[in-house]
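Below is one structure; the comments refer to it alone.
The values are calculated or read from the model by the stated rules, or taken from the named source; none is laboratory data. In this text the structure is predicted, and so the values were computed from the model without any measurement. Counting neighbours? That spans all protein chains shown, and the Cβs are built from the backbone with ideal geometry, glycine included. The area values use the complete protein model at the heavy-atom level, side chains included, leaving out ligands, DNA and RNA. Shrake-Rupley method; radii C 1.70, N 1.55, O 1.52, S 1.80 Å.
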Amino acid sequence: MMKVIARMDQRSVEFGNGEGCDPFAQTQRSKLQHRRARINQQINKEMRMRAGAENLLRATTNNKVKENVTLELSFVNSNLQLLKEELEELNSSVEVYQNEKGSASLKQMSLNFLSSESINVPMIPLGLKETKEVELTIPLKDVIEEHYNEAACKYEKELKELMDLRQAMRTPTRNEAGIELLMEYYNQLYFIDNRFFPPTKNMGIFFHWYDSLTGIPSYQRALAFEKGSVLFNIGALYTQIGARQDRTTKEGIDHAIDAFQKAAGALNYLKENFSNAPSLDMSTPSLNMLVRLMIAQVQECVFEKVMVAGVKDEFLMQLQSAQEAARVADVYSLVYQTMTQPPVKNYVPFSWTTMVQVKSEYFKAVSHYFAAVALCDHTMGPDDEESEQVKALQQLHVTMPEGPSLITVLKDKEERRKLGKAHLKKAIIKHEEAMRIHGLCRILRKMDILQEVLALVHKRSLKKYSEIDHEDDFFDTVEAPEIHPKTQQKPDIKTPNFSKVKVTDIFHRLGPLSVFSAKNRWTPATEVHLKKSEKGFGFTLRGDSPVLIAGVVPDGSADEAGLREGDYLVSVNQQDCKWSKHTDVVQLLKNISTEGVSIGVITLITSEQHNQTDRKSLLGTMTSASIFSGNDKENSRKIADSSKSPGLLLTWNKKKNSGKDGSTFSLPFIAVADDGSFY
């Protein structure tokens, strides 16, 4: 325990606000995450037992053994069902993530339920995916030794920094600092992928993550699984940030809208850039459902924003509120349809499906309530624009209401009361349906806030109905048309802005990524000693980081030492020059003594050539024409551009990018200047 806390403290020193929260802090949210982790581990254990029992059942021919194994399987399946129900209850613990002021503000509203203040219904956040610790140190050390031909002990600090970063991102704080921590690790994975994961070799590292919805463990060797899981947690953390906002203020609602839009963007980005996800929560149907859920919650916040601004007694404002509520009901109805389609319906929490259905009915009721208030409380004044009000009333309904014309309805108080009463009757029916559906879910019945909200708005509609209901009403109440959904602010899916979190490649010292990556192969660094003749060293330098030997004079000192076009200069007199600028290398060569200079060079090799070990024969096969081909130049530009975008995603099924000649490497000629220096 002390080691983990020490890591968190170290993390806070090195990365400022990007530290993970204390995993042992006894907050409600951390306790919930601890319970999720415990259940995940138990599910993993039971599934292993079930797999072993099933294998034994298939292998044995002994009837007594089969009978015992079948009995054991029944116990295991029963335990798995109980664990599934317990995890579902945790996924339904939405109150833990809500703003602390929710209960207090609701009690205040209960005292004055006819006021224009907004009433906040709890939102649905996502729980973070849990992951096991992964030992990266040994495999990465092997790559440093074998691929980069360097002593791995020189990179102990970098390896520890990477492991601390991964440990910290498992417990991000529920704020922007937590988001930045996850994005920092996500961006760092771009460099790790290019540095250490070759396209043709299996690293043997398994990344273990638990499904957020089912708790079932999944593991893959592909680093893309790690990337996708971190991206899912970015979206999940945004949902928790959105749920905790104080939505009784305009500022709080704006923050909630922004958070849910970013959550939708992260989950949508995951859906569009990854394929063949190994876990259900990151499958395309699940992500479709989650994106729609986030959009619905944004639309709900937009309605609350209208309520916070204050629905005055003006006719047009009341109609606008009715249409905003109808829009919220519409999008929640779409989410409900998505949740009840296979395969999503098999694993989405029942409480989520029920709450979404409750919200759909609830907001339908609210839309009819505001339409009724607009009709019953409105009296046309001499300054009212009749044409504008008629147009608004025409746009309110999906179909025209039965009875007299809309102009007559506007001018006749009794006709307005008649239509308003029809809307109130429908509002009461919808409220009662929402309460009935709510009562079917044991988990939702425990949510005091949601119960109070449903009871409050139902009571409000009943009171309004009693005010306009007359004993001498002998007319049959007409059927109120459905409200036409309309919104003043459409939700916007905000794709994650990975570039806002600037990161430095942890393994920067290995050299420029365009050359020193797991995608390229090169000869071990060769040290050659050159003496300056009357004609100089006999080679031309170009480019930066690293500097390229662009030309070699025949029979010169460089030619006799074995240097060739395309070699990269990596050291001068044992001084590392992999990151040196052209001018810096020139200055080093100018300051040499009369004894000459020692130059370290490497040569990139193609996939066909990397099995050849003789450096001289290798250099002889690389002609100027093959090195400076247009295809290689184009590929180098792509590598240079991609290195500037660490947020680039790879799919689960990585595709190998090769040139027409089968070459799997490219020279970074994007960095080569037009003019060179001759020595």
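What residue, among those in segment 218-262 that are in contact with an Asp or Glu (Cβ under 7 Å, 6 or more places away or on another chain) and of a type in the set (S, T, N, Q), is surrounded by the most Cβ atoms within 10 Å (Cβ to Cβ)?
Per the stated criteria, the residue is GLN261.
Among helices (runs of 4 or more DSSP H) lying entirely in segment 89-199, which contain 1 or more residues that are modelled with pLDDT of 90 or more and open to solvent by 10 Å² or more (accessible area, probe 1.4 Å)?
137-146, 156-169, 176-196
If I filter segment 417-456 down to residues being modelled with pLDDT of 85 or more and not in a helix (DSSP H, G or I), which single residue comes out as most open to solvent (accessible area, probe 1.4 Å)?
The extreme case among them is LEU440.
Kindly indicate whether ILE205 is open to solvent by less than 10 Å² (accessible area, probe 1.4 Å), assigned to a loop (DSSP other than H, G, I, E, B) and closer than 27 Å to LYS132 by Cβ.
Yes; evaluated as a whole, the condition is true for this residue.
Every residue in segment 243-264 that is assigned to a helix (DSSP H, G or I) and out of contact with any Cys (no Cβ under 8 Å at 6 or more places or on another chain), please.
Across segment 243-264, the qualifying residues are ALA243, LYS250, GLU251, GLY252, ASP254, HIS255, ASP258, ALA259, GLN261, LYS262, ALA263, ALA264.
Scan VAL597, VAL586, VAL601 and give me the residue that is assigned to a helix (DSSP H, G or I), open to solvent by less than 50 Å² (accessible area, probe 1.4 Å) and either modelled with pLDDT of 50 or more or touching a helix residue (DSSP H, G or I) at 6+ places or on another chain (Cβ under 6 Å) (or both).
On inspection, the qualifying residue turns out to be VAL586.
Among the residues of segment 533-548, write down those that are buried (at least 23 other Cβ atoms within 10 Å of the Cβ) and either aliphatic (A, V, I, L, M) or in contact (Cβ under 8 Å) with a residue 60 or more places away in the chain (or both).
Of everything in segment 533-548, those that are buried (at least 23 other Cβ atoms within 10 Å of the Cβ) and either aliphatic (A, V, I, L, M) or in contact (Cβ under 8 Å) with a residue 60 or more places away in the chain (or both) turn out to be PHE537, PHE539, VAL547, LEU548.
Which numbered condition in (1) at pLDDT 85 or above; (2) open to solvent by less than 10 Å² (accessible area, probe 1.4 Å) is the only one that LEU618 fails?
(1)
Of the residues that make up segment 77-87, is at least one touching a Leu at 6+ places or on another chain (Cβ under 9 Å) and modelled with pLDDT of 80 or more?
For segment 77-87, residues touching a Leu at 6+ places or on another chain (Cβ under 9 Å) and modelled with pLDDT of 80 or more: absent.
Tally the residues that are within 39 Å of the chain's Cα centre (by Cα) and either modelled with pLDDT of 85 or more or open to solvent by less than 20 Å² (accessible area, probe 1.4 Å) (or both), restricting the search to segment 396-416.
Of the residues in segment 396-416, 2 are within 39 Å of the chain's Cα centre (by Cα) and either modelled with pLDDT of 85 or more or open to solvent by less than 20 Å² (accessible area, probe 1.4 Å) (or both).
Quick check on this structure: which one of VAL366, VAL358, VAL390 is open to solvent by 10 Å² or more (accessible area, probe 1.4 Å), in a helix (DSSP H, G or I) and either at pLDDT 75 or above or within 24 Å of GLN488 (Cα to Cα) (or both)?
Exactly one residue qualifies, and that residue is VAL390.
Where the second residue is among the basic types (Lys, Arg) and open to solvent by 80 Å² or more (accessible area, probe 1.4 Å) and the first is closer than 15 Å to ALA422 by Cα and modelled with pLDDT under 85 and lies in segment 458-479, which pairs have Cβ atoms under 8 Å and are six or more apart or on separate chains?
THR477/LYS425
Return the total of residues in segment 37-64 being over 11 Å from ASN79 (Cα atoms), charged (D, E, K, R) and open to solvent by 80 Å² or more (accessible area, probe 1.4 Å).
Summing the residues that are over 11 Å from ASN79 (Cα atoms), charged (D, E, K, R) and open to solvent by 80 Å² or more (accessible area, probe 1.4 Å) in segment 37-64 gives 4.
Within segment 285-293, identify whether any single residue is among the β-branched types (Val, Ile, Thr), buried (at least 20 other Cβ atoms within 10 Å of the Cβ) and not in a loop (DSSP other than H, G, I, E, B), and answer yes or no.
Yes, because at least one residue in segment 285-293 is among the β-branched types (Val, Ile, Thr), buried (at least 20 other Cβ atoms within 10 Å of the Cβ) and not in a loop (DSSP other than H, G, I, E, B).
Residue-by-condition table, conditions (1) over 14 Å from the mean Cα position of the chain (by Cα); (2) of a type in the set (A, V, I, L, M, F, W, C):
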| residue | (1), (2) |
| --- | --- |
| ALA224 | no, yes |
| LEU231 | no, yes |
| THR239 | no, no |
| THR249 | yes, no |
| ILE257 | yes, yes |
| PRO285 | yes, no |
| VAL291 | no, yes |
| CYS301 | yes, yes |
